[in-house]
1. So, of the residues in the range B:36-58 that are surrounded by 15 or more Cβ atoms within 10 Å (Cβ to Cβ) and not in a loop (DSSP other than H, G, I, E, B), which turns out to be nearest to the chain's Cα centre (by Cα)?
2. Could you grab me the full set of residues in the range B:83-105 that are at negative phi and not hydrophobic (A, V, I, L, M, F, W, C)?
3. Given the condition among the aliphatic types (A, V, I, L, M) and touching a residue at least 40 places away in the same chain (Cβ under 8 Å), answer yes or no: does some residue in the range B:147-154 qualify?
4. Can you go through B:Trp257, B:Trp315, B:Trp263 and tell me which one is among the aromatic types (Phe, Trp, Tyr), surrounded by fewer than 14 Cβ atoms within 10 Å (Cβ to Cβ) and at negative phi?
5. Residues that are within 10 Å of the chain's Cα centre (by Cα) and closer than 18 Å to B:Ala119 by Cα: find the helices (runs of 4 or more DSSP H) completely inside the range A:22-87 holding 1 or more of those.
6. Of the residues A:Phe64, A:Phe83, A:Phe57, which single one is crowded, with 16+ Cβ neighbours inside 10 Å, in contact (Cβ under 8 Å) with a residue 60 or more places away in the chain and either more than 10 Å from chain B (Cβ to nearest Cβ) or out of contact with any Pro (no Cβ under 6 Å at 6 or more places or on another chain) (or both)?
7. List pairs: first in the range B:218-240 and farther than 16 Å from B:Ile78 by Cβ, second of a type in the set (S, T, N, Q) and modelled with pLDDT under 85, Cβ under 6 Å, 6+ apart or cross-chain?
8. Going through the range B:99-116 one residue at a time, which ones are farther than 14 Å from B:Ile172 by Cα, facing chain A (nearest Cβ under 7 Å) and at pLDDT 85 or above?
Amino acid sequence: MRLSLVAPVARDWTMEVLFYIAAAVTFLATLRVITHLHPVHALLYLVVALIALALIFYLLGAQFAAALEIIIYGGAIMVLFIFVVMLLGPLAVEREKAWLTPTAWVGPSILALVLLGEVGYLIATGDHTSMAVAEPRQKGISIALYGPYIIGVELASMLLLPGLIGAYHLGRRLSREGR
Amino acid sequence: MIDWSHTALTIAVILGSCLTLAGMMIWLERRLLGVWQERYGPNRLGPGGCLQSLADMIKIFTKEDWIPPFADKAVFVITPAIVVITALMSFAVVPVAPDFVVADLNVGVLFFLAMSSLAAYSVIIGGWASNNKFAFLGSLRAIAQLLSYEVFMGISLMGAVLLAGSFNLSDIVEAQRHQWFVIPQFFGFLCFFMAGLAEAHRTPFDMPEAEAELVAGYHSEYSGMKFGMFFVGEYLSILLLSAMTVILFFGGWHGPWLPPAVWFALKMFGFIVLIILIRATWPRFRFDQLLTFGWKIVMPLALINLLLTGGIVLWKAT
């Protein structure tokens, strides 16, 4: 028998408790991302939010998505974000203070309220799917990506290629000037 | 129903032996470096000096634990914990022997990659929170290095995953019952090992902490047990690198006569000694050489390896 500590063998209510804890962590961390004045701290909260989100994916049975969430978003992309923000230096806090005026909250708040209304409607009408979704294993994802969605994959790779060439071009010009 | 006592015992054994081994490796490294450089190394405390790490630990615990007044305190304090936690979490998916694994995840390989990408934060944030220019330079180097080597670390071990047809580490070991993956995946192994050395920032890829230029790099401002955590974390990542190399390319616990766990430990020990030997013999690269080497040599090698492996697997399947 293979042993596993966190695989979905535990009883249902423990999974639900874990889900709500992870959801609460995601919510609070995301809130801090928006309200924190210090950009690096805000980004660290965003990393926490992404890890918590990965845990939610895992609890819903999407292990593959959970792992990719951490590797790509939590690992690679957020590291790049922090890299850029770190270069801003200590003045960034003052600048952020000036930007984060009460009026800046109006637009996002209205949009968020619309979403909240939608969620409220879904909850009120009882039209919600259960937590136990079908398990999208990596094989299923791969077959879907390279079967019916092959054009999407190709288009995405075509989109990435110009980005790569562009980055190469910019980097090359810089190094020639540096010489 | 999960056998909790068995799981708890496994966790205790793996955690205990990891931390003990990391401590012992500090002594082993100093002794072996001594041997290869024709001097003694620490040989006073205990038989052959093997209790040296214990003495170091007592010393490091009684040192002043200083937080610089100019540092970002909360982040500065959290960082050393991230090093050790991410390294120890990765050991949760390491199968030492059949059924001797804490969490036999279906995405074990990806879990390992995820933890190693999170480990990058300790280096980056540690250097930033120290608010010291040398530490900051060290962490800037670390970002460039870890980001680039992480990319082909993932690509290089996909060859082994393709051959085994699974992300599960136990399945990968089981697939090597008759032939170790180092033979069909020799270039994959080379790329993985180099990327692993860079991820663990060991010589010749230890630019983030190049003492000749950057004091001690990203952990210049750390003292006492906080520095100790960085130190132990580095040895834990060496341990992890040797464990993963053994699992992915050298047949894990497979071997004649001896029990599986012993084979696993022996192979791991071989890689640990190899890593120390590399430190004893090779100088450090220059930083631009490191990135050029990574992107222009190792990256294409890993990609070609993956392409050929994929082609061969597909050809055999049809």
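The values are calculated or read from the model by the stated rules, or taken from the named source; none is laboratory data. Just so we're clear, the structure is a prediction, and the values are computed from it rather than from any experiment. Cβ coordinates were reconstructed from backbone atoms using ideal geometry, including for glycine residues, and neighbour counts include every protein chain displayed.
1. B:Ser53
2. Across the range B:83-105, the qualifying residues are B:Thr86, B:Ser90, B:Pro95, B:Pro98, B:Asp104.
3. Yes, because at least one residue in the range B:147-154 is among the aliphatic types (A, V, I, L, M) and touching a residue at least 40 places away in the same chain (Cβ under 8 Å).
4. Values: B:Trp257 fails: at negative phi; B:Trp263 fails: surrounded by fewer than 14 Cβ atoms within 10 Å (Cβ to Cβ).
So the residue among B:Trp257, B:Trp315, B:Trp263 that is among the aromatic types (Phe, Trp, Tyr), surrounded by fewer than 14 Cβ atoms within 10 Å (Cβ to Cβ) and at negative phi is B:Trp315.
5. Working: elements: A:39-59, A:63-68, A:78-86.
Of the helices (runs of 4 or more DSSP H) lying wholly inside the range A:22-87, those with at least 1 residues that are within 10 Å of the chain's Cα centre (by Cα) and closer than 18 Å to B:Ala119 by Cα span A:39-59, A:78-86.
6. Every option except A:Phe64 fails the conditions.
7. B:Ser220/B:Asn132
8. Result: B:Phe111, B:Leu113, B:Ala114.
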